[in-house]
Amino acid sequence: MNFIKGFFMLFLVLLLPAAVFAVDAPAITGVFKEVPGVMFKYDGKTVEVMEFLSFYCDHCYAFEKAASVIKGNFPKKIKWRIMPVYWGSGSSKPGEAYMLAEEAGKGEQMKKALFNANFIEKKDIGNLAVLESIGMNLGLGFDFSRRLRSGEKTAEAQRVLQMARAYGVEGTPTFIIAGNLFTSPEPFGDNTDALRDNIITIIKSIIGGKGAKAQ
C-alpha cells in the first residue's frame, strides 16, 4: 500500500485553504458532508471511495455484503480503497497484515479471512500466530510472517490512523467519496441497507453529473 504514504502527503497539501483550488463540483444528491479544506475530485471516469474500517468492528463486518452490491452497481467506475484503522485496545497488526496481503494481490481474501477469524471463529486477530496462520492459508508464505513480525507496515498503519483523524473519522465504517464527501452509518441509525443506498445515490449523482476535474 505504497499509495498511502503518497496519498497522506497529498492530503496534507489539500488541507491548504480551499481558495487555492478552483473546482466546480456537480450537484450531488444523498446524505453527506463536505470535508473542510479538501478538494472534490473526479476525473470523469472513476470515483474513488475510501472505506475506513476496523477488523474489530461488527458494523464493518456487516457492511461487507452491501459493499459488494455497491461495487456491482458500478463495474469499472469506482476505485475502492480499504483504509484499516484500529481503536482503543485494538492492535494495528490486522491492518498491517491486510496491507502486506494487498501488496501480494490478496487484499480481498485477507479482509474476508480477518473478519471470519474474528467474528465467526472468535480468534484473537491481534495475535501474530493467528495472523501467520491466515497468511499461510492464503499462500503468502514465510516472507509474509517475516515482514509482519518486523513491523514493516507499522508506520503505514499509523499514517492511515492520522489520515482518519484529519478527515474527522470517529467511528467505522466511514466513507470518503470523491476526495471530500464524508458519509457514515450515523445518520441512518446504523441501518446497513440505508447506508448502502445512500452511497449508491451519491456515486450515481457524481457520474451522472460528469463530476469535476481539479484545475
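A compact table of results
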quantity: Test: residue in the stretch 35-47 that is of a type in the set (D, E), touching a residue at least 24 places away in the same chain (Cβ under 8 Å) and closer than 22 Å to F188 by Cβ; calculated: no
quantity: Within the stretch 129-150, considering residues that are among the small types (G, A, S) and touching a residue at least 12 places away in the same chain (Cβ under 8 Å), the one surrounded by the fewest Cβ atoms within 10 Å (Cβ to Cβ); calculated: G139
quantity: Test: V38 is part of a loop (DSSP other than H, G, I, E, B), in the same structural domain as I206 (by TED's automatic domain parsing), touching a helix residue (DSSP H, G or I) at 6+ places or on another chain (Cβ under 8 Å) and crowded, with 17+ Cβ neighbours inside 10 Å; calculated: yes
quantity: Candidate set from the stretch 164-178 (those that are in contact with a strand residue (DSSP E or B) (Cβ under 7 Å, 6 or more places away or on another chain) and part of a helix (DSSP H, G or I)); member that is farthest from G37 (Cα to Cα); calculated: A164
quantity: Qualifying positions in the stretch 135-162 - part of a helix (DSSP H, G or I) and aliphatic (A, V, I, L, M); calculated: M136, L148, A155, A157, V160, L161
quantity: Test for E132: is it outside the structural domain of N198 (by TED's automatic domain parsing), among the charged types (D, E, K, R), touching a Leu at 6+ places or on another chain (Cβ under 8 Å) and outside any helix (DSSP H, G or I); calculated: no
quantity: Residues of the stretch 154-196 classified as in contact with an Asp or Glu (Cβ under 6 Å, 6 or more places away or on another chain) and exposed (fewer than 15 other Cβ atoms within 10 Å of the Cβ), total; calculated: 0
quantity: P185 in contact with a strand residue (DSSP E or B) (Cβ under 9 Å, 6 or more places away or on another chain), at pLDDT 95 or above, assigned by TED's automatic domain parsing to the domain that holds K71 and under 20 Å from Y98 (Cβ atoms); calculated: no
quantity: From L128, L181, residue being under 30 Å from V38 (Cα atoms) and not basic (K, R); calculated: L181
quantity: In the stretch 21-37, the residues that are at pLDDT 85 or above, touching a strand residue (DSSP E or B) at 6+ places or on another chain (Cβ under 9 Å) and small (G, A, S); calculated: G30
quantity: Hey, K76 modelled with pLDDT under 95, of a type in the set (K, R) and under 30 Å from K204 (Cβ atoms) or not; calculated: yes
quantity: Residues of the stretch 66-104 classified as assigned to a helix (DSSP H, G or I), surrounded by fewer than 16 Cβ atoms within 10 Å (Cβ to Cβ) and either free of Cβ contacts under 8 Å to residues at least 12 places away in the same chain or in contact with an Asp or Glu (Cβ under 7 Å, 6 or more places away or on another chain) (or both), total; calculated: 3
quantity: I199 being outside the structural domain of G105 (by TED's automatic domain parsing) and assigned to a helix (DSSP H, G or I); calculated: yes
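The values are calculated or read from the model by the stated rules, or taken from the named source; none is laboratory data. Bear in mind that the values here come from a model prediction, so they are computed numbers and not experimental data. Glycine also receives a Cβ, built like all others from the backbone with ideal geometry; neighbour counts cover every protein chain displayed.
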